[in-house]
Amino acid sequence: MLTENHKAIAGTIWDIANRLRGPYRPPQYRLVMLPMVVLRRFDCVLEPSKDDVIREHARLTAAGTPERAIPRLLTKIVGPDRKQPLYNVSPYTFEQLLGDSENIAPNLVSYINGFSETARRIFDKFKFGEQIEKLDASNRLLNIVKLMSDVDLHPDKISNLEMGYIFEHLVMRFNEQANEEAGAHFTPREVIRLMTHLIYTGEEDVYKAGVYREIYDPTCGTGGMLSVSEETIRAQNLKANLGLYRQEYNDESWAICCADMLIKDEETGNIVLGDTLRDGKTKDGFPDKQFHYMLANPPFGGPAKYPCCSARQKPAHRQRRRAVRKGPRHGVGFQPQMVAQ
């Protein structure tokens, strides 16, 4: 639940978003503010190791270190126990961007390009480069960066769980502006907490130290379902050994979830971008895996808009339904009304 402090931070970010009025309509604020908040969070997380990473990158480059080895070596500078690469080799931070206001747009692009590969992909999925051009052309970029630089999102001030609450609050408000349902991209944490207690109560093995359990969310949105699952389990088993797997078809939601996983040093290969309900182009990201638990809030509340529900693709969809009945992966609870009649 959001505390008053977190509500104040979310309110400050919303006030900054209102500075976009003119070039952007309120339903479009999210195009700028969600990636900007992720960028500021990365900036705060990496601030302590920034100078050391730049020095080490220069040393490794001068020594002719193979390109494939550099991410692993720089990751150890950020944290000796860190496994997922998250670093930035550009000379920029939010503060330094403000020191060259005339070139803030190209410098911001350079800053983003200086991130490790997965972080760059996150901003690609946000399509943030398009918004940087638009903000610069409308003379809004400098002011937004300046205002965001005053928002303290350091991990010692805001935990990853609390950051998740702030993101979901912002997504909810942006959805309201776009006249979308609040749960279109996330499930409220209070609902998830009830689900996790229903699922894990009485499950003795998940609370045993050293026992490995895998949990899956095929429609993960911004990732709250598995984050709360982990929180619930670790509250009673600090040594829980969990594998968390996710899939999401919306680029923006995937980017938010992947950013959260990256900061928490979770395996980012365990989140797949694609549609488990089959959109004709992507597919189940874990077709050969089975999981101990599955939680999901699939998009069954609205009209079916999947190409697989068209008359042309109906036979393939029915074939999939016949196939999944043979195993435990998706058979239980699969919604037959999703198939076009």
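The values are calculated or read from the model by the stated rules, or taken from the named source; none is laboratory data. Since the model is a prediction, treat every value here as computed from it, not as a measurement. Counting neighbours? That spans all protein chains shown, and the Cβs are built from the backbone with ideal geometry, glycine included. Each accessible area value is taken on the protein alone, full model and side chains, heavy atoms only, with ligands, DNA and RNA left out. Shrake-Rupley method; radii C 1.70, N 1.55, O 1.52, S 1.80 Å.
A compact table of results
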quantity	calculated
Residue among F128, F94, F115 that is touching a strand residue (DSSP E or B) at 6+ places or on another chain (Cβ under 7 Å), under 30 Å from E67 (Cβ atoms) and modelled with pLDDT of 95 or more	F115
Odd one out for P91, checked against (1) more than 24 Å from G129 (Cβ to Cβ); (2) not in a helix (DSSP H, G or I)	(1)
Complete set of residues in the range 121-138 that are open to solvent by 40 Å² or more (accessible area, probe 1.4 Å) and part of a helix (DSSP H, G or I)	R121, D124, K125, G129, E130, E133, K134, D136, A137
Selected residue (criterion: farthest from C257 (Cα to Cα)) from residues of the range 109-120 that are part of a helix (DSSP H, G or I) and within 16 Å of the chain's Cα centre (by Cα)	E117
Evaluation of D15 against (1) farther than 25 Å from F126 by Cβ; (2) open to solvent by 60 Å² or more (accessible area, probe 1.4 Å) (one fails), failing number	(1)
Yes/no for T75 being open to solvent by less than 40 Å² (accessible area, probe 1.4 Å), part of a helix (DSSP H, G or I) and hydroxyl-bearing (S, T, Y)	yes
Qualifying position, being more than 21 Å from D265 (Cα to Cα) and among the aromatic types (F, W, Y), among Y212, Y200	Y200
Odd one out for T61, checked against (1) open to solvent by 60 Å² or more (accessible area, probe 1.4 Å); (2) assigned to a helix (DSSP H, G or I); (3) closer than 19 Å to K264 by Cβ	(3)
Residue match in the range 139-154 (condition: assigned to a helix (DSSP H, G or I) and without any contact (Cβ under 8 Å) to a residue 40 or more places away in the chain)	yes
When residues of the range 1-26 are limited to those that are part of a loop (DSSP other than H, G, I, E, B) and of a type outside the set (D, E, K, R), the one nearest to S227 (Cα to Cα)	M1
Residue list for the range 145-179, filter: over 30 Å from S229 (Cβ atoms) and buried (at least 19 other Cβ atoms within 10 Å of the Cβ)	V145, M148
The range 196-234, subset assigned to a loop (DSSP other than H, G, I, E, B) and in contact with a Phe, Trp or Tyr (Cβ under 9 Å, 6 or more places away or on another chain), residue most open to solvent (accessible area, probe 1.4 Å)	E203
Counted residues, the range 78-102 - those being more than 23 Å from the chain's Cα centre (by Cα) and surrounded by fewer than 16 Cβ atoms within 10 Å (Cβ to Cβ)	9
The lone exception for D43 - which of (1) among the charged types (D, E, K, R); (2) closer than 21 Å to D265 by Cβ; (3) open to solvent by 80 Å² or more (accessible area, probe 1.4 Å) it fails	(3)
